[in-house]
Amino acid sequence: MKNIKKKGILIPFVLIILIAGIFFNYKHSLNSKKIIQYKQFLEEIDKGNVTDVYISNSENIKIILKNNKIYYTQNPRTDTFKESLLLKGINVHEGDSSGLSQIIPLSLFSFLMISATLYFISSRGKNVSGAFKLSSIDAEPEKTTNITFNDIAGNEEAKESIKELVDFIKHPEKYSKYNARMPRGVILYGPPGTGKTLIAKALAGEANVPFFAVNGSDFVQIYVGVGAGRIRDLFKKARDKGKAVIFIDEIDAIGKKRDARGDGGSDERDQTLNALLAEMSGFKDSQGIIVMAATNRLDTLDEALLRPGRFDRHIEVGLPDVTARYKILKLHSKNKPLAEDVDLYSVAQMTVYFSGAKLENLMNEASILAAKESSDYITMEHIDKAFGIVIAGAEKKDRSFLKDEDKKITAYHEAGHALISKLVCPENIVKRVTIIPSTKGAGGYTLNISPDRIYQTKGSLLNNIKIALGGRAAEEIIFGKENITTGAYKDLENATNTLILMAKYYGMFNNTGLLNYDLLEREGVNNSQEILKICRETISNLYNEVIDILNKNKEKLDKIAFELLEKETIDSYDIERIVAA
Ligand code: ATP
């Protein structure tokens, strides 16, 4: 996020280098002056080679020859010198382009550069960070956090947990009367875009108090002590406001666990974390300040941060289920002209694993498409198209560059994904398959929607890997082992990622057992070879299985590919028809 702040630290270095550079350049120019004897100068005049002479009071005067070369010679300081030059048709300039006259522009330049830099710093005012101001941070409160719980759809449990904090901020004395210790810190954890920032803002909005938002990475600096200073500064600002909500996004930047080898820590980070903990312990319960922090992964945070009296309330903000997705879609369509044919529940059903941010983006893309067409309403077709844009990027309009051979490869690759998907996971909906390349770089894509599930079984994870391998397997079957392409790189990345999770965290393979390998690694036990072996064996077996399935269903594979080549995009009905035939 706000990387620009870190640049503040470079300013003094830049200034020092700049001034040293200018000084060196000036010294160098003085030392490298070419001085000729006065006698030689007169000879050049006689030869008619001198065009300009700069007369001054300095020891040497500057002369320019016909060939534009510049020399210096001793200053004769005679009264008739200027006249004698003029009589010979030489241009004579009064004053010097060296010495003082060079120093003045140089110092002026330095002065201007320093002024500009200082202006840059001061114009960023209190938001500036860097070596000049050790404790400053961009933490002006948002005065108009008019976000309330009405702006959050779904996330019912999180909202419920936050509601009592609103009462605590509004009436802290009520709780201190009973000697009740309210949480000083709340950690919101969950995948990106699920509404963590929104919830923190809503807490401030509902309690009607200032909202200070910062990012954990703002505190991690190269100079030891800078981050700690900034923490103190931030809390001072909040205390000055009386009641407040402080929100630290990406808290992992300061509060990440250190492993057994001591990696992952630094003096700077430790000091910053200690300063944060000290500030949080320093609150009075009656104060009405709540610190909220957000992370994508709670398990990576240092235990010290999670102890009672610190960030002791942990609220999960997960991906929305179908009902929550429906609510979020409704909320973000509130002020949009939706056509009657739009069925937001069916949109909710096809947006499995979409975060709130992605759903908001989906409706926004649909609005943009409708606006581009000057359509009166946002239709289901707009939403459908927007869906493709959110998943894979906008369709490339100019497809004239596509070679038939490439189209054929994409058609078989996508057909492989679609067919395996339908054959190994019949409950999945293959919503759309296309060979139209997208602006995000995909040659085509298969939109495969799996049913909403709280847990993923081992079988469903292995099936997902098979679906991912379907594209490469189809290429190999049709075009031969030697002609497989780079098109599968993202599929292989996804497959590898799933396998690592299964082996390292989910204890799903007999050979690797029920251990958490991430924890073992942090304790200094290296098992990477075991993980590698099980991942390699499993993916190889799954690939052979996929090749087998496709070989047995080659006719269907051909049919899907041909239809794709003909229509470019096919939908779930086409797929069902071909697979059922
Ligand atoms: P990150 O982890 O990437 O910082 P986050 O969890 O903090 O993400 P937000 O920044 O709060 O996510 O959400 C981004 C946007 O997504 C919100 O401004 C809002 O438009 C939309 N959004 C996310 N969740 C919800 C929700 N539950 N209800 C309504 N809108 C939501």
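The values are calculated or read from the model by the stated rules, or taken from the named source; none is laboratory data. A quick note: this is a predicted structure, and the numbers were derived from the prediction, not measured. Methodologically, a virtual Cβ is constructed for each residue, glycine included, from the backbone with ideal geometry; neighbour enumeration extends over all protein chains shown.
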Residues (surrounded by fewer than 23 Cβ atoms within 10 Å (Cβ to Cβ), within 11 Å of the ligand (Cβ to nearest atom) and without any contact (Cβ under 8 Å) to a residue 60 or more places away in the chain) located in segment 348-361: Glu360, Asn361
Of (1) within 11 Å of the ligand (Cβ to nearest atom); (2) among the hydrophobic types (A, V, I, L, M, F, W, C); (3) surrounded by fewer than 19 Cβ atoms within 10 Å (Cβ to Cβ), Ala394 fails just (1)
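What helices (runs of 4 or more DSSP H), lying completely within segment 501-581, carry at least 2 residues that are of a type in the set (Ser, Thr, Tyr) and under 34 Å from the mean Cα position of the chain (by Cα)?
On the way: elements: 517-522, 528-552, 554-567, 572-580.
Counting at least 2 such residues, we get 528-552.
Would you mind listing the helices (runs of 4 or more DSSP H) fully within segment 159-245 where at least 3 residues are out of contact with any helix residue (DSSP H, G or I) (no Cβ under 8 Å at 6 or more places or on another chain), in the same structural domain as Ser281 (by TED's automatic domain parsing) and more than 13 Å from the ligand (Cβ to nearest atom)?
Numbers: elements: 172-177, 196-207, 226-240.
So the answer is 226-240.
Take segment 37-64 and flag every residue that is farther than 19 Å from Leu87 by Cβ and in a strand (DSSP E or B).
As a first pass, look at segment 37-64 and keep what is farther than 19 Å from Leu87 by Cβ: 37, 39-40, 56-60, 62.
If the condition is that a residue be farther than 19 Å from Leu87 by Cβ and in a strand (DSSP E or B), then Asn60, Lys62 are the ones that fit.
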Please specify each residue of segment 271-298 satisfying the condition of being over 19 Å from Ile187 (Cα atoms) and either at pLDDT 75 or above or of a type outside the set (Lys, Arg) (or both). Gln271, Ser286, Gln287
Only one of Ile63, Ile45, Ile55, Ile36 is β-branched (Val, Ile, Thr), under 59 Å from the mean Cα position of the chain (by Cα) and in the same structural domain as Leu87 (by TED's automatic domain parsing), namely Ile63
I need the full set of residues from segment 319-333 which are more than 9 Å from the ligand (Cβ to nearest atom) and assigned to a helix (DSSP H, G or I), in order please. Val322, Thr323, Arg325, Tyr326, Leu329, Lys330
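Taking segment 287-318 on its own, how many of its residues are charged (D, E, K, R) and within 16 Å of the ligand (Cβ to nearest atom)? Give the steps one after another, and end with the answer.
Taking segment 287-318 first, the residues charged (D, E, K, R) are 297, 299, 302-303, 307, 310, 312-313, 316.
Right, trim to within 16 Å of the ligand (Cβ to nearest atom) and you get 297, 299, 316.
Residues meeting the conditions: 3.
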